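The structure appears right after this line, and notes come after that.
The values are calculated or read from the model by the stated rules, or taken from the named source; none is laboratory data. The model shown is predicted, which means the values in this text are computed figures rather than measured ones. All Cβ positions, even for glycine, are placed from backbone atoms using ideal geometry, and neighbour counts span all protein chains on display. Heads up: the accessible areas ignore ligands, DNA and RNA and are worked out on the full protein's heavy atoms, side chains in. Shrake-Rupley method; radii C 1.70, N 1.55, O 1.52, S 1.80 Å.
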Amino acid sequence: MEEVKKPARIGVVLSSGGGRGVYAHTGFLLALRQLGIEVSAIAGCSAGALVGGIAASGADLQQWSQVIASVRTREYWTPDPWLQFVWRLAVNKGRGYTGLSDTAAAIAFCRRNLAVQTFEECRVPFYSLAMDLGRGAKVLFAAGELAPRMMASAAMPLLYRPVEIAGSLYTDGAVIELAPTEAICCKHNLDALIVHHTSVHREGGEGMAWAVRQPWSLIEILNLLLYRHRPWYLSDQPLAFQRCPHGCGTPLIVLECDLPELVWPLNSGGPRVQAAALSQSLASLQPYAGILMSDPHRLPLPRVSAGQAATPAARCNTAPEPEDGEHYPE
């Protein structure tokens with residue numbers, strides 16, 4: 001009797017990308033659902049951590065898309081009153097002032113939209129990348145309460161104060177890495193990984209000129225700094241095929257859609273970004289969906305040289321983790 005082949009185990013990595021990334025990642029995940037692509041594990045940074053946590057919890061993505069289509073700024077950002085801000089800067093000379101807004105409203109917003117409240121209860125494994133300010137190193141959250149750890153990954157400097165968890169302060173994971181591509185490959189025996197990249201990249205005088213023309217120019221200048229380097233996995237094409245460089249050789253599909261602009265605060269334009277990400281993801285992935293779900297190694301992948309061939313010992317990110325689920329790479 002012929003053995004029935006199991007569907008490929010596919011993981012998803014969702015990059016940082018600010019508010020635009022929240023809408024874009026939602027559209028991308030809705031496209032995967034339309035294509036019938038089941039996700040076996042998720043890792044995310046910043047915007048990717050917010051949407052990834054919602055999806056991993058088992059929340060209805062269509063309902064989530066409706067929520068963010070009508071979200072109000074005060075539901076996720078509550079900046080200090082101007083008088084208090086000026087007082088802190090003028091009288092206290094900025095001592096102890098670490099951001100325009102705390103994260104309480106944003107964390108509460110996440111809690112309201114999650115289907116479960118902890119990593120351990122998630123429908124699929126989920127990892128959230130943040131920057132540990134005390135250690136000066138990245139951390140991958142994989143245990144504990146979801147909402148504060150999702151927001152720790154998305155607490156953009158200047159806009160938000162760092163998130164305190166168990167006595168340590170965390171800020172936006174994009175400060176150190178735009179997408180945690182090594183987080184889930186071998187850990188969950190994945191057959192393929194899809195990286196959805198939404199970070200805006202601008203360089204030189206043209207990028208700076210654009211930033212100073214926007215509302216909240218300081219935020220756009222910070223974006224220029226955060227996203228100044230294009231990650232190794234990107235090419236000059238909206239769809240690219242790579243292999244995991246961390247030893248296992250897992251097939252990677254990299255998707256970088258051409259999305260509309262969306263500037264802070266996020267009071268309009270989000271649904272247009274989501275619709276663009278949905279339609280472009282469908283168009284890019286549909287020709288490869290069947291192969292991806294059955295035999296990802298038949299994708300048009302770059303050749304592996306003899307020196308790069310994966311071996312049973314060549315597995316990425318397999319170091320043991322502390323009991324709290326936080327992993328600090330050496």
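Just a few scattered comments:
- Added length on full extension, which subtracts the Cα-Cα distance from 0.36 nm per residue, A275 to L218: 17.7 nm
- For the range 1-156: relative contact order, % (alpha-carbon pairs under 8 angstrom, 6 or more apart): 26 percent
- Placed amide H near V195: partners under 5 Å, 5+ positions off or other chain: V13, I253, V254, L255
- Dipole magnitude of the range 195-262, debye to nearest 20 (Cβ charges: Lys/Arg +1, Asp/Glu -1, about Cα centre): 220 debye
- From the largest down, the range 1-153 spans 80, 37, 23 angstrom on the principal axes of its Cα atoms.
- When peptides 174-187, 92-105, 213-226 are ranked by their average number of other Cβ atoms within 10 Å per residue, the highest-first order is 174-187, 213-226, 92-105.
- Carbon + sulfur, % of accessible area of the range 105-154 - ligands and nucleic acids excluded, 1.4 Å: 51 percent
- Note on T73 and R228: the extension gain reaches 53.1 nm, defined as 0.36 nm multiplied by sequence separation minus the Cα-Cα distance.
- When the charge dipole of the range 1-120 is built from unit charges on Cβ atoms (+1 for Lys and Arg, -1 for Asp and Glu) and taken about the Cα centre, the candidate among P79, F109, Y23 whose Cα reaches farthest toward its positive end is P79.
- Theoretical ellipticity at 222 nm over the chain - DSSP helices of four or more residues, -39500 (n - 2.57) apiece, nearest 500: -9500 deg cm²/dmol
- Base-10 log of normalised Debye intensity for the range 201-300 (one unit scatterer per alpha-carbon) at q = 0.11, 0.18, 0.22, 0.23 Å⁻¹: -0.48, -1.00, -1.18, -1.22
- Amide hydrogen proximity for R243: with H placed 1.01 Å from N in the peptide plane, the residues at 5 or more positions away or on another chain lying under 5 Å are L252.
- As computed over the chain, the Cα convex hull volume per residue (Å³): 155 Å³
- Put a dot 7 Å past the Cα of R112, heading toward its Cβ, do the same for Q62, and the two dots end up 2.2 nm apart.
- Sites A283 and V91 - FRET efficiency at Förster radius 45 Å, r taken between beta-carbons, to 0.05: 0.20
- Bridging of K5 to lysines at a Cα separation below 30 Å is possible for K187, once same-chain residues fewer than 8 apart are set aside.
- Average Cα contact separation per residue, the range 146-295, under 8 Å, 6 or more apart, as relative contact order %: 18 percent
- Relative contact order of the chain: 24 percent, from C-alpha pairs under 8 Å at least 6 residues apart in sequence.
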